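Some notes on the structure that comes next.
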Amino acid sequence: MRHDDRMNETEGKTLAQGQGMNVPGETETREEAEMSREKGQDAEEKEAAPEAPQEDAAFDRQLEEMMNGTGGKKAGKKKRGKKKFLLAAAVLAVLGIGAVKVLGGSEPSLPTAATVTPVRKEIQNRLSVSGPVSGTDSVDVVSNLHAEVLEIPVKEGDKVTKGQVLAVLDDTDLKKEVAMAKNDYDLAVSTCAEQDRDARNGYAKAVQDLKTAQDNYNRTKVLYDSGDVPLVDLETAENGLNDAKRQAASYEVKNGQAVAGDSYRLQVEKARFEYEKKQEQLADTQITSPIDGTVVRVNTKVGRFADSVEDSEPLFIIENLDVLEMEIKVSEYSIGKVAVGQEAEISADILDGETVRGQVVSISPTGEEKGGGSTERVIPTKVRIMDENTKLIAGITAKAQIVLEEKEDALTVPVAAVTERNGVSMVLAVKDGMIHEVPVQTGIEGDVELEILPGEGEELDETTQIVAAPSEGLTEGMAVTAMAQ
């Protein structure tokens, strides 16, 4: 070939390459280079990625076969365009499978709702109030005698009976006072007796004088009427009669017998009172227990005076600890549900988790201030401990749970399961995967559970799935996935 011909051939190849035309020999070389490069990339990706599952390996083989075609050595635009389309489709398929794996599927997920099922059981509404424990009978033993304590034959914790001696006081001075008071009383009685005697004698004489004066007047009146005596004699007789009447009337007569005046009898009563008072004080030098019980406090010592106790405390505190009581303060908002005879459950730290039975035995007719700046009023209420031989002791604080209401076989749900919408109490039931608003009436409310009664035309039972804690986002007809708690 001539030089000019070779130049033309070279320029033609250059022109063909510039216009994107296939040139025999060179097209085949570029396809092989492209396939080698793609295979190299695939090998690098396989080395970099972790070991895939078996199905991913199979997919990779199919993709490689699609990318390799039938050998990759045939030239032409049509074949190369088909390979690019298959490669793009394969890449999109891989991305689609990855997206499905990451998102968990192509279907949209439903909101989940934690559900519970109603339970039929006994439910109780309880009022929990704390208060001090004390004996059913409690007395403070005091003394107003300014006398020295000589002996204390009891100590705290001793059981005593009514009338048993708790302390002995010095009675020396009181014995003297009793003797003097008795003398005064005896003197008053003797004086009154003498006056009674004088009164009887004087009254008898006055009656006799009255009779004589009456007879004299009657006789003088007859003589005057006959003209035998002057008027002055009649007037003298009449004056004597009047004097005799006044004298007889001056005596105090009881049961037909004259007695001494009231002043003497008052003196006797006063002397008797003083004498008895001194006798009682002398008896009080033997300080005794007014009830059967236990000595819970001794606030005096031998050598002290009985009427001088520190902080105005009583000498002794006696309580009947055989039967204990709690005094609690019930709020004015709850007292309407509390009644005498209601049962209570008593708990305290000293019981180590155990409980004892109690019963409401009294409710004060009046309320009192709660204190602490509150305007609320409280009503003192007593709960008696019904169990015997418990670990409870007087002076500690315990908690009483009073059963205000109770019902057996009540349909109950957690309190949190009941919501209010548009002023109506309701629960959200899940039926056939859909939310259904069920109006209910609430009954007895326990600590964590609530009695529910379905509205008219609605049904609820132990198999109904109820949303445990309904939110505003859950509405009628919404599709949800129920998850039982």
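Listing for the model above:
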item: Candidates per GluC sites (Glu not before Pro) in the range 154-225, loop by DSSP, up to 14 other Cβ within 10 Å; result: 156
item: Residue pairs, from the table 277/301; 159/382; 121/391; 182/270; 162/329; 337/391, whose Cα atoms sit over 21 Å apart; result: 277/301; 159/382; 121/391; 162/329; 337/391
item: Distant-in-sequence amide H partners of residue 288 (H built 1.01 Å from N, under 5 Å); result: 166
item: Inter-probe distance in nm under a simple model that places probes 7 Å from Cα toward Cβ, at residue 263 and residue 431; result: 10.4
item: Residues of the range 312-348 with amide N under 18 Å of the 7 Å Cα→Cβ point at residue 442; result: 333-334, 337
item: Loop-resident sites, the range 342-398, for trypsin sites (Lys or Arg not before Pro), counting at most 14 other Cβ within 10 Å (DSSP); result: 391
item: Range of Cα positions in the range 150-296 per principal axis (Å), largest first; result: 102, 28, 15
item: The range 376-450: GluC sites (Glu not before Pro) in DSSP loop, at most 14 other beta carbons within 10 Å; result: 388
item: Separation between Cα centres of the range 302-376 and the range 162-229, rounded to whole Å; result: 58
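Throughout, read-outs are computed from the coordinates displayed, never taken from laboratory work. Given the structure is predicted, the values throughout are model-derived calculations rather than measurements. Neighbour counts run over all protein chains shown; Cβ positions are idealised from the backbone, glycine included.
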